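J.: First the structure, which I've put down as structure tokens, then a few questions once you've had a look.
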Amino acid sequence: MEHSDILSTHQAITVEIPRQLYSELLAKASETGLSESQLVLQGIQQILRSPNRELLERDRFVQIEAALEIKLKAYIDNLIKNQADISRTQASNDQPKATIAEPKKFMPVPTIRPLQIGDRVLVLEPDSPYYMAKLLVTKTSLIRATVETDTGEKTFLKRDLRFCETSLNPE
């Protein structure tokens, strides 16, 4: 490197660089009209004045987030395509077959009916997420049902009851 324009206020350092890099430095110096020392100083200043580490990390996180969004979009598109393919194959078959992808399609549809005398229900225990034993319904009204317990008949709100079994002998 040239040391002719380095003033006494500067520190001198010796740097060993590969020949290819030095030839690129010489070409850039002849192109710009600056000395090798001036180009090296500009490079060091650029490195030292670059955005702080937090900005670099934020930029890196933005790039990672963008890459993840692309991967997620591709994954969702693939899932949609697979579901469409499954639907087409099932529509083309005369007899639909149960697949792991759509277990709900072949589950029985629950029937909703009013609670009747003789039905067995579970009663929700007060201040607890657990149910008591199966009890027999003896009376029903619009919002309440009476069940037979070990201590006698008790009335509960229907919302606190969970249907278990239907009565064998409807009345």
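J.: Restricting attention to the range 51-59, does a residue exist that is surrounded by 10 or more Cβ atoms within 10 Å (Cβ to Cβ) and of a type in the set (S, T, N, Q)?
T.: Within the range 51-59 (the criterion being surrounded by 10 or more Cβ atoms within 10 Å (Cβ to Cβ) and of a type in the set (S, T, N, Q)), the answer is no, since none of the residues qualifies.
J.: Can you work out which of the residues in the range 110-140 that are surrounded by 13 or more Cβ atoms within 10 Å (Cβ to Cβ) and modelled with pLDDT under 85 is nearest to D160 (Cα to Cα)?
T.: Ranking the qualifying residues of the range 110-140, first place goes to L124.
J.: To continue, here is another question. So A67 passes all but one of these: (1) modelled with pLDDT under 85; (2) aliphatic (A, V, I, L, M); (3) surrounded by 10 or more Cβ atoms within 10 Å (Cβ to Cβ). Which condition number does it fail?
T.: It fails just one condition, (1).
J.: Any residue in the range 1-30 that's of a type in the set (A, V, I, L, M, F, W, C): show its pairings with residues that are modelled with pLDDT under 90 and exposed (fewer than 10 other Cβ atoms within 10 Å of the Cβ) at Cβ separation under 9 Å, as long as the two are six or more apart or on different chains.
T.: Matching pairs, first to second residue: M1/T14; M1/V15; I6/A12; A12/H3.
J.: Hey, among S50, S87, which residue is modelled with pLDDT under 85 and closer than 23 Å to Q11 by Cβ?
T.: Just one listed residue meets the conditions, S50.
J.: Then there is this: Starting from the range 124-150, keep only residues that are in a loop (DSSP other than H, G, I, E, B), then list their pairs with residues that are modelled with pLDDT under 80 and surrounded by 10 or more Cβ atoms within 10 Å (Cβ to Cβ) whose Cβ atoms are within a distance under 9 Å, requiring at least 6 positions of separation or different chains.
T.: E125/M132
J.: Mind counting the residues in the range 1-20 that are at pLDDT below 90 and outside any loop (DSSP other than H, G, I, E, B)?
T.: 0
The values are calculated or read from the model by the stated rules, or taken from the named source; none is laboratory data. All of these numbers come straight from a predicted model, not from anything done at the bench. FYI the Cβ positions are ideal-geometry reconstructions off the backbone, even for glycines, and counts take in every protein chain you see.
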